[in-house]
């Protein structure tokens, strides 16, 4: 575990900073005001970008899982699959227990005079807001890729490894922000989703990394004979 923290120090540090800043905002800015503050910078180009980028969390994580299972080490594929599936399952269970209203519903009840900047073509949901499932997937996938990639990159290029980790955090953060921008979630939902995705990925690694020395973990389906 110490090796993982060392190899992924940039990813972990940037994620903690991001969560810390967002956590402070959640403490000091009321829910509705924070949503409006984060959602006031709409442009046609951003509308298009976030409308489509948010869907990456719906299919790309599972493409990566299949690719790792088929073309990488079986153990890495199992790790990625476990992180994605368990984090998604946890999020869905919490969603259906809490049954929190989405921004459109909440503002209709608490601040009916506010007109939310909705993006054309986006089907805005009404309930199951907490936590954000898309954000969970974005951060789980980003952390999985960081862990898998830095095992190799950190051996010969610390700069490349650090750059990749920073990029992955930015991509995950953009995915989380897309949920606020599209009025699908509040900042609290995104905060919780990022935390769930990161922690469950860390838990899956803690359980599975002990098997890295075993043959099944290192087996490659298409390895040269």
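Sort 199-206, 96-103, 118-125 for me by packing, meaning the mean count of neighbouring Cβ atoms within 10 Å per residue, highest on top.
199-206, 96-103, 118-125
Could you work out how far helix 56-71 tilts from the main Cα principal axis of the chain, as a 0 to 90 degree angle to the nearest 10?
That helix lies at roughly 10 degrees to the long axis.
Nearest 10 degrees is fine. How inclined is helix 44-53 to the longest principal axis of the chain, computing both from alpha carbons?
For 44-53 against the chain, the angle is about 40 degrees.
Arrange the following residues from fewest to most other Cβ atoms within 10 Å of their Cβ: 113, 76.
Taking fewest neighbouring Cβ atoms as first place, the list is 113, 76.
Please quote Rg/Rh for region 12-61 to two decimal places, taking the Kirkwood radius as Rh and restricting both calculations to Cα atoms.
1.07
Could you tell me how many cubic angstrom of Cα convex hull volume region 1-94 has per residue?
Numbers: hull volume 15.7 nm³, N = 94.
Given the Cα convex hull of region 1-94, per-residue volume reads 167 Å³.
Return one number: the angle in degrees, 0 to 90 and rounded to the nearest 10, between the long axis of the Cα atoms of helix 158-181 and the longest principal axis of the Cα atoms of the chain.
Helix 158-181 sits at roughly 30 degrees to that axis.
When only alpha-carbon atoms count, how far does region 180-225 stretch along each of its three principal axes, as whole angstroms with the largest first?
52, 23, 7
Relative contact order of region 2-218, please, whole-number percent, based on alpha carbon pairs below 8 angstrom and at least 6 residues apart.
32 percent
Give the Debye-formula value of log10 I(q)/I(0) at each listed q (0.09, 0.20, 0.21 Å⁻¹), with one equal scatterer per alpha carbon of region 23-151, two decimals each.
Here log10 of I(q) over I(0) equals -0.35, -1.23, -1.28.
Tell me, 127, 180 in order of fewest to most beta-carbon neighbours within 10 Å? Working shown, then result.
Details: 127 15, 180 22.
Fewest-to-most Cβ neighbours within 10 Å comes out as 127, 180.
Let me know the Rg and Dmax you get for region 149-225 when you use only its Cα atoms, in Å.
So, for region 149-225, Rg and Dmax equal 17.0, 52 Å respectively.
Could you bin all the Cα-Cα distances of region 2-218 into 5 Å bins starting at 0 and give me the percent of pairs in each, rounded to whole numbers?
1, 7, 14, 18, 19, 15, 10, 7, 4, 2, 1, 0, 0
Each reported figure results from applying straightforward, stated rules to the coordinates on display, with no laboratory input. Because the structure is predicted, anything quoted here is derived from the model rather than measured. Here the Cβ is made from the backbone with ideal geometry for all residues, glycine too, and neighbour counts use every protein chain on show.
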